[in-house]
Structure formats: structure tokens, C-alpha cells
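Contents: one structure, followed by commentary.
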Amino acid sequence: MLSGSCSRCQGKGIVVDPMGSTATATICQCSVRCDVCRGARFIITRDAARRDVAQRCECENRRLRVRIYNEAQVPAKFHGARLDETQRDANNFDAFNIFTLLAKDYRRHDRGILLMGPPGVGKTHLVAGFLYEIVFRHGIPAQFQDVSGLLKRLRSGYARDEPEELLIDPLINVEVLVVDELAKGRNNAWELNILDTIISHRYNSRKTTIFTSNYTDQRASTLVERVRGKDRMDEERVFRDTLVERVGSRIYSRLKEMCDFVLLEGADRREWNGEPVPQ
Ligand SMILES: [Zn+2]
Ligand SMILES: [Zn+2]
């Protein structure tokens, strides 16, 4: 039976822990046994014509949502990401509210969000919290995917002669997709083609997609990259590419149609955690 006094799950019946590389949800010990259905997983209710009908018990709903969350592959680091008041502050206030509203009133085919801003301000934390909400509030199938991880998996898939559809189709078909670190990497023709395939398919089927990116649509706020050649005498080159310069106008215009662009600025949260910030 769910217990509001359970300190491990705070009465939610679910705990999420880092396991290996992903955040893994399990049913809390306090809720493994269900006193409502006594283990049957369904309950009998009456419909309008006063006939007995079987209805899925809440404990079974919880099990389904645990499975959906675990299939979403949220990185272990973000196992504690939630859209609850304790995680909202002055720095993320507006973006936090936008995600909270979308999660609360989510309907299939809702417009997505492209969350832009410098590294370390909590973009991935926010989208991981959003994913938790739509899975456990609505039972929506979702998938978390960071761009460099996807490209890496594709490359090793080619080496094993695996068709790329095996990796790409689930990303095209899932109801809600979170794409982390859009435009990171070299963005060569092959990489952009992969992105274009996923984005175009989702655009055409009006599926909700959430993106994060260090690149913004403004020169003043986009990521500044300093690159020095191999030779010590080489001069440092400074790049200030905007998102459209990184992904090209075709992908960019799709993104504009699919998503609201939201800027998240503020202090670098990794500094607060005592972790070094890459220069
Ligand atoms: Zn518990
Ligand atoms: Zn039950």
C-alpha cells in the first residue's frame, strides 16, 4: 500500500536511482504489495449499464510507467531531475514554467521546445525533469538521446553491418523525443543528414520534440569556441556560430516550425557542484 510516510519514495511508490549509465526507476519496497487489487493487477468496477468490467489497477499503471521511463534511457546523472518547486530558482524561472505547463497539459502533437543557452546552466536537467513528468503523469512513451551518443552508436553499428534504421526508427516513431546537445560535433554532411532524417520525419508526423543546444539564434548569446591549431605558434581562432550556421537553413527552418525557442541563461551550475568548467 502506498504510504505517505515512506521516506524513500515520499509516498510516490517509485524510486529512481543511477544504475550504470542510465537513470533506472523501480517500484519502492513500500508499494510492491498492492492492497487494492491484492496482486491481481486489475479491479472490477461497474460501467454505466451496471455491468462488471475489469479495469487496470493503479499499481499496474505504475509498473507500466516504470517500464516506459526505463526505456527512455535518461542519463544516470539526471536521475533526480524533476519539475518540482524545489528545482525552480531565479535562474531557470521562465524556462522551468514553460516546461511545467507543457508537461501538465501535454497533448499529442503539441509544439516542442528548443532550449538554448551556454553549457552548464541546467538545460539537460530541465528536459530530463520534463521527461520524468510526462512519463509518470501521463504514461507517454518518450526517449532521451544525446546527439554525440547517437552518432557514436551509428558508427559502431556500421562496423557491425547493422542497418541504421535499427537506431533511427525508434527515434522517429517515439511519441516524445528529447534531443540533447543539438549541433554539437563536426556537423559534416553525414551528421547533418542523420539529423535531417529524424527531424523531417518527426516534423511531417507532427510529433513533439524537445531539443537542447549550446548554440542560440543570436550572435551575442551563442556558444563562443576558441580553437588553437596543433602548432603552438598558431593563432587562436574564435568562433561564434549561431544555430542556423551550425545546422543549415533547412533543418533550422523545420526547428522554427516545430518548436518554441527558449533561452536559458544564468550561472553555471557545474561550478556550484565544485566541478571544473571546460574553457
Ligand atoms: Zn516508498
Ligand atoms: Zn493493484
Quick one: in segment 15-41, of everything that is aliphatic (A, V, I, L, M) and away from ligand 2 (no atom under 14 Å from the Cβ), which residue is surrounded by the fewest Cβ atoms within 10 Å (Cβ to Cβ)? 19
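Looking at residue 7, is it under 19 Å from the mean Cα position of the chain (by Cα), of a type in the set (S, T, N, Q) and surrounded by fewer than 17 Cβ atoms within 10 Å (Cβ to Cβ)?
Spelling it out, it is not the case that residue 7 is under 19 Å from the mean Cα position of the chain (by Cα), of a type in the set (S, T, N, Q) and surrounded by fewer than 17 Cβ atoms within 10 Å (Cβ to Cβ).
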Considering residues of segment 58-68 that are away from ligand 1 (no atom under 16 Å from the Cβ) and surrounded by 16 or more Cβ atoms within 10 Å (Cβ to Cβ) only, the residue farthest from residue 127 (Cα to Cα): 60
When you scan segment 48-57, do you find a residue that is assigned to a loop (DSSP other than H, G, I, E, B), more than 16 Å from ligand 1 (Cβ to nearest atom) and either among the polar types (S, T, N, Q) or within 30 Å of residue 147 (Cα to Cα) (or both), even just one? no
From the list 160, 111, 155, exactly one residue is in contact (Cβ under 8 Å) with a residue 60 or more places away in the chain, out of contact with any Phe, Trp or Tyr (no Cβ under 8 Å at 6 or more places or on another chain), assigned by TED's automatic domain parsing to the domain that holds residue 190 and exposed (fewer than 15 other Cβ atoms within 10 Å of the Cβ). Which is it? 111
For residue 25: the one exception among (1) assigned to a strand (DSSP E or B); (2) farther than 14 Å from residue 136 by Cα; (3) within 14 Å of ligand 1 (Cβ to nearest atom): (2)
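Look through 70, 61 and report the one residue that is touching a residue at least 12 places away in the same chain (Cβ under 8 Å), out of contact with any strand residue (DSSP E or B) (no Cβ under 9 Å at 6 or more places or on another chain) and of a type in the set (S, T, N, Q).
Numbers: 70 fails: out of contact with any strand residue (DSSP E or B) (no Cβ under 9 Å at 6 or more places or on another chain).
Result: 61 is the single residue among 70, 61 that is touching a residue at least 12 places away in the same chain (Cβ under 8 Å), out of contact with any strand residue (DSSP E or B) (no Cβ under 9 Å at 6 or more places or on another chain) and of a type in the set (S, T, N, Q).
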Which ones in segment 204-230 are closer than 20 Å to residue 134 by Cβ and either crowded, with 21+ Cβ neighbours inside 10 Å or touching a residue at least 40 places away in the same chain (Cβ under 8 Å) (or both)? 206, 207, 208, 209, 210, 211, 212
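Being β-branched (Val, Ile, Thr) and assigned to a loop (DSSP other than H, G, I, E, B), is that true of even one residue in segment 94-109?
Filtering segment 94-109 down to residues β-branched (Val, Ile, Thr) leaves 98, 100.
Keeping just the survivors that are assigned to a loop (DSSP other than H, G, I, E, B) gives none.
No: segment 94-109 contains no residue that is β-branched (Val, Ile, Thr) and assigned to a loop (DSSP other than H, G, I, E, B).
Take the residues in segment 163-192 that are of a type outside the set (A, V, I, L, M) and farther than 18 Å from residue 243 by Cβ, then tell me which one is surrounded by the most Cβ atoms within 10 Å (Cβ to Cβ).
Let us first name the residues in segment 163-192 that are of a type outside the set (A, V, I, L, M), namely 163-165, 169-170, 173, 175, 180-181, 184-188, 190-191.
Right, trim to farther than 18 Å from residue 243 by Cβ and you get 163-165, 169-170, 173, 175, 190.
On the way: 163: 10, 164: 13, 165: 10, 169: 13, 170: 14, 173: 14, 175: 16, 190: 12.
Only one residue tops the list, namely 175.
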Would you please name the residue that is farthest from the chain's Cα centre (by Cα), looking only at residues in segment 81-122 that are more than 16 Å from residue 212 (Cβ to Cβ) and of a type in the set (Val, Ile, Thr)? 86
Can we say residue 254 is surrounded by 19 or more Cβ atoms within 10 Å (Cβ to Cβ), in contact with a Leu (Cβ under 9 Å, 6 or more places away or on another chain) and touching a residue at least 12 places away in the same chain (Cβ under 8 Å)? no
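Does residue 81 satisfy being surrounded by fewer than 16 Cβ atoms within 10 Å (Cβ to Cβ) and at pLDDT 95 or above? Full working, then the answer.
On the way: surrounded by fewer than 16 Cβ atoms within 10 Å (Cβ to Cβ): no; at pLDDT 95 or above: yes.
Taking the combined requirement at face value, the residue does not satisfy it.
The values are calculated or read from the model by the stated rules, or taken from the named source; none is laboratory data. If you're wondering where the values come from, they're calculated on a predicted model, not measured in any experiment. All Cβ positions, even for glycine, are placed from backbone atoms using ideal geometry, and neighbour counts span all protein chains on display.
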